[in-house]
Amino acid sequence: MGAIKDVVDLARDLANSVKDAKTAEAIGKIQSLMLGIQSEQARLTEANSDLLEERRVLEGKIRELQAEVEQLSTPSSPILPGEEICPNCSKPGAPKYMSKQPPFVQRDFGITHRCSICNYSKQAE
Ligand SMILES: [Zn+2]
């Protein structure tokens, strides 16, 4: 925006200082064209700002819909009775089962299941 204004100002100064009428007229025309470019640029800047805002809103909508699609397309995988899935390592549709702990661990430490990946342990209730 600043460069356009500089050209407009320069053209005005030139048109005022030039003696030849034909040259002054041509410079005036350049000045007028630059003013047109300046207003067009202002319009485009505003349109661009509107589009950026619209894009931001649409990206939010896309994220919401993607989450919804993922949720809807996840088969409700039945978790086997007596099994526990790791809350850290399980993904929608891909449960990660934890290992059942031996009786002495359950008795002495109160831990019924442990994840072999992240070591998350489920305490006896
Ligand atoms: Zn885990």
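Outside any loop (DSSP other than H, G, I, E, B) and within 16 Å of the ligand (Cβ to nearest atom): is that true of LYS61 in this structure? Don't jump to the end; show me each part of the working.
Numbers: outside any loop (DSSP other than H, G, I, E, B): yes; within 16 Å of the ligand (Cβ to nearest atom): no.
The answer is no for LYS61.
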Failed item, numbered, when ALA24 is tested on (1) of a type outside the set (S, T, N, Q); (2) in contact with a strand residue (DSSP E or B) (Cβ under 7 Å, 6 or more places away or on another chain); (3) more than 30 Å from TYR120 (Cβ to Cβ): (2)
GLU53 vs. criteria farther than 30 Å from ILE4 by Cβ, within 21 Å of the chain's Cα centre (by Cα), away from the ligand (no atom under 15 Å from the Cβ) and part of a helix (DSSP H, G or I): no
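Taking only the stretch 82-125 into account, find how many residues are basic (Lys, Arg), outside any loop (DSSP other than H, G, I, E, B) and either touching a Lys or Arg at 6+ places or on another chain (Cβ under 7 Å) or within 10 Å of the ligand (Cβ to nearest atom) (or both).
1
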Number of the exception - ILE79 against (1) in a loop (DSSP other than H, G, I, E, B); (2) free of Cβ contacts under 8 Å to residues at least 12 places away in the same chain; (3) surrounded by 12 or more Cβ atoms within 10 Å (Cβ to Cβ): (2)
Residue in the stretch 63-72 that is modelled with pLDDT of 90 or more and charged (D, E, K, R) present: yes
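Is it the case that the stretch 40-50 has a residue that's more than 29 Å from GLY2 (Cβ to Cβ), out of contact with any helix residue (DSSP H, G or I) (no Cβ under 6 Å at 6 or more places or on another chain) and more than 16 Å from the ligand (Cβ to nearest atom)? Break it down into steps so the answer makes sense when it comes.
Pass one, the stretch 40-50, residues more than 29 Å from GLY2 (Cβ to Cβ): none.
No: the stretch 40-50 contains no residue that is more than 29 Å from GLY2 (Cβ to Cβ), out of contact with any helix residue (DSSP H, G or I) (no Cβ under 6 Å at 6 or more places or on another chain) and more than 16 Å from the ligand (Cβ to nearest atom).
The values are calculated or read from the model by the stated rules, or taken from the named source; none is laboratory data. The structure displayed is predicted, hence computed values, not measured ones. When we count neighbours, we look across all protein chains shown, and the Cβ atoms used for this are built from the backbone with ideal geometry, even at glycine.
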